[in-house]
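One structure is given here, and the rest of the page talks about it.
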Amino acid sequence: MQPGEPMPPEREGQPSTVGSARRVAATAILVGVSYYVGANIGFILRFPPTIPSVLWPPNSVLTATLLLAPRRRWWIYLFAAFPAHMASELPAGWPMSLVLALFATNCSEALVAAVCVRGFNDAPARLDTLRRVVVFIAGAVLLAPFVSTFADAAAVAGLRGEPYWSVWRTRFFSNLLTELTLVPAIFTVASPEDRGWIRRASLRRRAEASLLAVSLVTVAIVAFSASSVGPGAIPGLPHMSLAWLLPFLLWASVRFGPRGASLSLLTTSLVAIWAGTHGRGPFTALPAAESVLALQIFLSVLAIPLICLAALIEERRYAEEALGERLRFEEFLARLSGAFVHLPSHEIDKAIAAWLRRLGEFLQLEGVLLLRLCADERGMTLSQSEITIPIEASGRVLGSLAFDSIAAGRAWPEELVQRLRLVAEVFAGALARKEAEDALRASEVMKSAILASLSSAVAVLDRGGRVIDVNESWSQFGGEVELTAYVGVPVGTHYLGICRRAARQGIPHSADVLAGIEEVLDGARQAFAFEYSCPAPNAERWFALSVVPLSRPAGGAVISHTEVTERKRAEMQAERTRQELAHFTRVSTMGELAASLAHELRQPLTGIMSNAQAARRFLDATPPDLGQLREILSDIIEDDSRAAEVIQRLRDMLSKGELRRALLDLNDLIRDVRRLLGSDVVIRNVTIELELGPTPMVVNGDRIQLEQVILNLVVNGMDAMTDVVDGDKTIVVRSEIDGGQAVHVAVEDAGTGLRDGTHERLFESFYTTKPGGMGMGLSIAKSIIEAHGGSIWATNNPTRGATFHFSLPGTARGSA
């Protein structure tokens, strides 16, 4: 923290609020005392018999105070100066109104100076750069006295009757000179950094400062104590030239910067004023008012370029020091970074300890501590003498670096903090690499252990596709290499080469396996799985191959072969069982439709019988009516075809067999189901309406199984309307293309609807709401639809009844 900057928030270990209040009170007393002493000194610093003073310190005391103090405390220090002002001004016998007016103008000058300098200066109490000095001269030295002097001269002219412009000129140059010489000197004394300069300076530096002080005071006394007439102080010289002061002032500015320039200028001013008050010096030959003005202008013109020169030299010195320090730090950082590049992980901890000691010596700190596994704290803990910076790698906090300084009030500028963050990044990289290598070694040991315990045949490939490790199960497969070409190869074998050779030999699916493994190795695919069968002496055997990336920087993949023959047999047995259940369901459904089917067969058979009897009567006629006989034979053929169609449909529905896929139009299947249920619809007094899409609804599936689904849903709809006495008993079957190529079929009834809580159980096996039902119809329908790659669900209608939906992937007619 620099002088004049706001104090940081109080933290644990800092002085309490009571201690802070005591410091404020002590500062307020010091301001009052300084104001009082400065006012009395101002009365003394006059060229008799004139009244105006060459310097007026009270205003500069207030200006320096406001530039050093935080804004929230300005009013305290201004009020502290009020009693001192009254005590110093009232004994002069001036009216109370004038005394109060002068205090107001003094405060206004300090406020204008503080506001202007703080508004354009990042460190208002430092004059170590040319920009800061220019802002100080423009705001505090020129603008503030210029603005406040108008009101001050008006008060003196109005209440004392003195000439306005004479008062204005005297006060302006007096305050200008005071602000220019006294305020920088106060900064030098009040700044903790400047106060500690003498303690930190070398013996040679102290000796140089002492020699400069003695020389400057001596030359100033000689220069200003000479009489304005007659021979000079040195025999043989008529007059001592003021130019002899310039080398010493330049010496102070160049060698000791702004602090040396300000103190040397203040010393020169005090000596010149002392000489003038005793009637000596080059300016006493002039009239009193002109001699004061000449001295003020001389000192002001001398001080401004010297302070600017000192600031410019100091700024360049800081820049050179900063550049040199940055180069030293970058060299240190380069050596620090290179120290961990080729270092084995087991030596990193020892190297970190050694470099922490070197870092403390480089930064001149009493302690540097690296804390591992700290809480995930992304902020930065900052106190007056300690700073803690987190060590992060890949978004994870690995620890923190703590830098400790015994020196109270140690400053931690942002540039230094950024450098410490770079150091933390180097340590973070070293720790992250150590953790990664330790984890890799641990994982390699654990991999080996896991591979040995796996029953599946597992091999590890490097990025190029070469086998680098296998487990015992993989090696055992070597004796059964005739079963599969993808397993059993030893370590060191180029696995991709084996797959390429298998593809050239025409082994089925070898090209797909090769492409899948290459994509996983290249990172284009996260996983690859493939199932294949191999002939065996007793029965066919099935294997599952899976490939996943190997999680390590060098890349690679893990291949696993697992025999899944028993699972495949269980799946095939489950499929056969499902087909048996589906067949049983179809038989049961046909049994429920026995009356309707009997009616369907009775109609064509009755027609055949009637036509046959009529044909025999026509044959007995003489001569026989051949035209009528031909019509009768045509009717017989038509009725026979109707009966054959019904019987074939029954045979199809009752037949057993494997799944046979073909391109089907669902609209045709829906119409066939309605024809099959024609008589049953009449018997149950139910109406079936079809709202089919205008275009063919083509799917790839098994005709018998899909007819079974539609038949089951329509029969369930008719059963749901059995208890409906009044109202329309209509079943509506709809079909449409549902977004893209999906085919959507809905069967809507007007029954009692679905009870609450049954939506999720409708398609479970053995769940039914019918008194004599088995609960397999909807379960079989669900398995058939899902086997065809579709989905089935049910919803309640807004008014009455329920609607069962199923959706199947559509396909263009003619495609496989």
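The values are calculated or read from the model by the stated rules, or taken from the named source; none is laboratory data. Keep in mind it's a predicted model, so treat the numbers as computed, not measured. Here Cβ is always computed from backbone atoms with ideal geometry, including for glycine, and neighbour counts include all displayed protein chains. SASA here: full protein model, heavy atoms, side chains in, ligands and nucleic acids out. Shrake-Rupley method; radii C 1.70, N 1.55, O 1.52, S 1.80 Å.
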Exercise. Is it fair to say R46 is at pLDDT 85 or above and among the charged types (D, E, K, R)?
Worked result: no
Contact list, first residue from region 329-357 and aliphatic (A, V, I, L, M), second anywhere and surrounded by fewer than 17 Cβ atoms within 10 Å (Cβ to Cβ) and outside any helix (DSSP H, G or I), beta-carbon distance below 7 Å, six or more apart or interchain, is A351/L343
Cβ pairs under 8 Å, 6+ apart or interchain, first in region 721-739 and free of Cβ contacts under 8 Å to residues at least 60 places away in the same chain, second surrounded by fewer than 15 Cβ atoms within 10 Å (Cβ to Cβ) and hydroxyl-bearing (S, T, Y), ordered by first then second residue, are D728/T687; K729/T687; T730/T687; I731/T687
Selection over region 152-170 where residues are buried (at least 19 other Cβ atoms within 10 Å of the Cβ) and touching a Phe, Trp or Tyr at 6+ places or on another chain (Cβ under 9 Å) yields a count of 3
Is it the case that some residue within region 91-112 is modelled with pLDDT of 90 or more, among the aliphatic types (A, V, I, L, M), under 30 Å from R316 (Cβ atoms) and in contact with a Gly (Cβ under 9 Å, 6 or more places away or on another chain)? no
Of the listed residues (I683, I704), the one being modelled with pLDDT under 80, in a helix (DSSP H, G or I), open to solvent by 10 Å² or more (accessible area, probe 1.4 Å) and more than 22 Å from A787 (Cα to Cα) is I683
A524 passes all but one of the listed conditions (1) at pLDDT below 85; (2) of a type in the set (G, A, S); (3) under 18 Å from H561 (Cβ atoms); the exception is number (3)
Would you call A322 open to solvent by 30 Å² or more (accessible area, probe 1.4 Å) and modelled with pLDDT of 80 or more?
no
The condition from (1) closer than 17 Å to L266 by Cβ; (2) open to solvent by less than 20 Å² (accessible area, probe 1.4 Å) that L309 misses is numbered (2)
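Look at V117 and say whether it is among the hydrophobic types (A, V, I, L, M, F, W, C), over 25 Å from V167 (Cβ atoms) and open to solvent by 60 Å² or more (accessible area, probe 1.4 Å).
Spelling it out, it is not the case that V117 is among the hydrophobic types (A, V, I, L, M, F, W, C), over 25 Å from V167 (Cβ atoms) and open to solvent by 60 Å² or more (accessible area, probe 1.4 Å).
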Selection from region 98-112 of residues open to solvent by 10 Å² or more (accessible area, probe 1.4 Å), in contact with a helix residue (DSSP H, G or I) (Cβ under 6 Å, 6 or more places away or on another chain) and among the small types (G, A, S) yields A101, S108
Exactly one of A503, A515, A511 is open to solvent by 30 Å² or more (accessible area, probe 1.4 Å) and either within 16 Å of L461 (Cβ to Cβ) or assigned to a loop (DSSP other than H, G, I, E, B) (or both), and that residue is A515
Counting only residues that are closer than 14 Å to G429 by Cα and over 32 Å from the mean Cα position of the chain (by Cα), region 340-354 contains a total of 4
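Could you tell me whether R11 is surrounded by 14 or more Cβ atoms within 10 Å (Cβ to Cβ) and either modelled with pLDDT under 75 or closer than 21 Å to A104 by Cβ (or both)?
no
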Result of the Cβ filter at 6 Å on region 250-274, keeping first residues that are open to solvent by less than 30 Å² (accessible area, probe 1.4 Å) and partners that are assigned to a helix (DSSP H, G or I) and hydroxyl-bearing (S, T, Y), at least 6 apart or interchain, is A252/S264; A261/S253; S262/T188; L265/T181; S269/T181
Restricting region 802-816 to residues that are at pLDDT 90 or above and over 49 Å from the mean Cα position of the chain (by Cα), the one nearest to E736 (Cα to Cα) turns out to be T803
The condition of being among the β-branched types (V, I, T), modelled with pLDDT under 80 and open to solvent by less than 70 Å² (accessible area, probe 1.4 Å) holds, among I234, I198, only for I234
Within region 70-97, the residues that are open to solvent by 20 Å² or more (accessible area, probe 1.4 Å) and hydroxyl-bearing (S, T, Y) are S97
